[in-house]
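The values are calculated or read from the model by the stated rules, or taken from the named source; none is laboratory data. Bear in mind the structure is a predicted one, so any value in this text is a computation, not a measurement. Please note: Cβ atoms are built from the backbone with ideal geometry, for glycine as well, and neighbour counts cover all protein chains shown. Keep in mind that these areas ignore ligands, DNA and RNA; they rest on the heavy atoms of the full protein, side chains included. Shrake-Rupley method; radii C 1.70, N 1.55, O 1.52, S 1.80 Å.
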Amino acid sequence: MVKETKSDLNPLFAQKHSHHHVHVFLKLAVSCLLVGLAIRLLFFTDSFSLSSAVHNPPPLAANAIVQLPILSFPSPPPPSPSLHFPPNQTQTSPRDAEKCDLFVGDWVPDPNGPMYTNESCRVIEDHQNCMRNGRPDSGYLYWRWNPRGCQLPKFSPKKFLDMMRDKSWAFIGDSISRNHVQSLLCILSQVEAADEVYHDEEYRSKIWKFPSHNFTLSVIWAPFLIKADIFEDMNGVSSSEIQLYLDTLDDKWTNQYKNFDYVVIAGGKWFLKTAIYHENNTLTGCHNCHGKNLTEVGFEHAYRKALQQVFDFMTHSEHKAVVFFRTTTPDHFENGEWFSGGYCNRTVPFKEDQVEVSYVDSIIRGIELEEFHKTKNSSANNLKLLDTTGLSLLRPDGHPGPYRQFHPKPNAKKVQNDCLHWCLPGPIDSWNDIVLQMLTM
């Protein structure tokens, strides 16, 4: 059995070794060997190297759209030390089983590739349909997440649908949640294709039915999880500052919460946007609102308040859904942001010693873990931590980049890159492997 446990900051533990007395003859033999090694180092250092360096070629220029042949099966990244994240405290099975943290591991080659293609799944949004949009490489499809010390089975759509018979599941959050639900829909379509039975005016919130299993799957657009007035179009262009009400949850999801047996909920990135804050019907401050003559509060305060309300609502609700709280998703923009020419055109995963979590993402994740653990420690047994930050950080190759658009023109002056969402199929499919494993523990 696999069991989730607390991640350790340093996975390499000191081991105790017993010492035994040795005979004088053995001491002399060892001394002779050491003298011989010293002579070899002194006279033959040209024959080998005592240290190695990671050669990490820089990414291509911002608007250079690579035209690569289909990649052959890539070689696996070697094991390396864990990312320096604060430890999480994931749930443990009551059964006595092998200890394993599902969120500490490596991306290893997977010759079988994804369970679906962009042709076999009809629910992939255009912006994440990288192969249809002309992405020339395919090596990013042939990796799977492998926790250290245990096996993570491939997602079984039949097993999942059998477990979800007569159940209801919701993904609540922003466009990453929508990205995640599309991955799940594509995998499940290998057993049963879902019928879309509802969508809102902007096609951001949707409901699907799986008739053969009487299973309902929803995605609810609630990027802040709390009440917000948003003046932004589908391309992220704002006509006014966001008005955020820090003491009021978004009723788009709270009004439906009692209908769900399972929930995956997440926030984070939207709190980095310029916003004006309200509490108790009073304007209390803002984040990044230069020239407004308002007190700069900072997004940390707003995000913490939002999560406190979310967890408080779930803890005190009479309805006890199984809730997966997903941690923040890092982006991989290089040499700029999405609005300033940033790009991502790497074609293989990072090794752990090649990347560190950004300062902002570390703040976001720190708030998430702190508020999660405070709630979890208050006997919230229905709350589970889906800590995908670290494993996602290692996949700069899994984003649409310029291929969020259909066959973008090489060297075009205005090629907007997407280095936050995930290609489908892509690395986000492994999130569902973990979710199913957590369900069966």
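When you go through Ile226, Ile176, Ile230 one by one, which is the residue that is open to solvent by less than 40 Å² (accessible area, probe 1.4 Å) and either free of Cβ contacts under 8 Å to residues at least 60 places away in the same chain or within 30 Å of Asn112 (Cα to Cα) (or both)? Ile176 is the lone residue from the list that is open to solvent by less than 40 Å² (accessible area, probe 1.4 Å) and either free of Cβ contacts under 8 Å to residues at least 60 places away in the same chain or within 30 Å of Asn112 (Cα to Cα) (or both). Scanning the range 133-170 for residues that are touching a strand residue (DSSP E or B) at 6+ places or on another chain (Cβ under 8 Å) and more than 19 Å from Gly398 (Cβ to Cβ) yields Arg148, Gly149, Cys150, Gln151, Leu161, Met164, Arg165, Asp166, Lys167, Ser168, Trp169, Ala170. If the condition is being surrounded by fewer than 18 Cβ atoms within 10 Å (Cβ to Cβ) and either of a type in the set (Gly, Ala, Ser) or under 21 Å from the mean Cα position of the chain (by Cα) (or both), then the range 147-165 contributes Arg148, Gly149, Gln151, Pro153, Lys154, Ser156. Picking from residues in the range 349-368 that are assigned to a helix (DSSP H, G or I) and charged (D, E, K, R), the one that is surrounded by the fewest Cβ atoms within 10 Å (Cβ to Cβ) is Asp353. Screening Val181 with (1) surrounded by fewer than 20 Cβ atoms within 10 Å (Cβ to Cβ); (2) outside any loop (DSSP other than H, G, I, E, B) gives one miss only, at (1). Looking at this structure, is Tyr277 over 25 Å from the mean Cα position of the chain (by Cα), open to solvent by less than 10 Å² (accessible area, probe 1.4 Å) and closer than 16 Å to Leu225 by Cα? In short, yes. Consider the range 280-304 and keep the residues that are without any contact (Cβ under 8 Å) to a residue 60 or more places away in the chain and assigned to a helix (DSSP H, G or I). The one that is most open to solvent (accessible area, probe 1.4 Å) is His301. Only a single criterion out of (1) open to solvent by 60 Å² or more (accessible area, probe 1.4 Å); (2) of a type outside the set (A, V, I, L, M, F, W, C); (3) not in a strand (DSSP E or B) is not satisfied by Lys209, namely (3).
Could you check, for the range 232-243, whether at least one of its residues is small (Gly, Ala, Ser), modelled with pLDDT under 95 and on the phi > 0 side of the Ramachandran plot? Checked against the condition, which is being small (Gly, Ala, Ser), modelled with pLDDT under 95 and on the phi > 0 side of the Ramachandran plot, the range 232-243 yields at least one hit.
Screening Asp418 on (1) under 22 Å from Gly105 (Cα atoms); (2) touching a Gly at 6+ places or on another chain (Cβ under 7 Å) shows it passes everything except condition (1).
Matching residues to (1) assigned to a helix (DSSP H, G or I); (2) surrounded by 15 or more Cβ atoms within 10 Å (Cβ to Cβ):
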site: Ser378; (1), (2): no, no
site: Leu385; (1), (2): no, yes
site: Gly390; (1), (2): yes, yes
site: Lys409; (1), (2): no, no
site: Lys414; (1), (2): no, no
site: Leu420; (1), (2): no, yes
site: Pro427; (1), (2): no, yes
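May I ask you to verify whether Pro330 is closer than 25 Å to Gly426 by Cβ and open to solvent by less than 10 Å² (accessible area, probe 1.4 Å)? So Pro330 passes the test.
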